[in-house]
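Reading through the structure tokens given below for one structure.
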């Protein structure tokens, strides 16, 4: 079992790395959780989603109001704590992730609502539509 610090760790603006803390926040705020299974320093499609969707103001505004964001990174060269690495490997197994990028939308209990494997074309609007159509 992986034990992470009680404080929420942020990967980048708005993105957490602590799965359990994210679920607790989701339950408190009544929001779904988005797990972004990424290879942040080696996966071309992951980098493209980050650039064309996640870094855009429209996505950030939507996510702040509607989602709890969790980055589940599997880097090749970027440093990562052992605890986060172990947690992320456990999450890959739990949610049966075999390719990158994989986006998994969860309810606040960690139950999968839907997923998308691969690049999402159409920028923030397409991503937001995907979420809104799923979480009606």
Just from its helices, what would the mean residue ellipticity at 222 nm be for the chain, if runs of 4 or more DSSP H residues each count -39500 (n - 2.57) and the sum is divided by every residue, rounded to the nearest 500 deg cm²/dmol?
-> -11500 deg cm²/dmol
Report relative contact order for the chain in percent, whole number only (criteria: Cα-Cα under 8 Å, sequence separation at least 6).
-> 31
Along its principal axes, what span do the Cα atoms of the chain show, with the longest given first and each in whole Å?
-> 37, 34, 26
In nm, give the distance between the simple-model label positions of residue 55 and residue 28, each being 7 Å from the Cα along the Cα-to-Cβ direction.
-> 3.1
Evaluate the Kirkwood expression for the hydrodynamic radius of region 38-111, namely the inverse of the mean inverse distance over all pairs of different C-alpha atoms, and round to one decimal in Å.
-> 13.5
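Throughout, read-outs are computed from the coordinates displayed, never taken from laboratory work. Not measured: the values here are computed from a predicted model. Methodologically, a virtual Cβ is constructed for each residue, glycine included, from the backbone with ideal geometry; neighbour enumeration extends over all protein chains shown.
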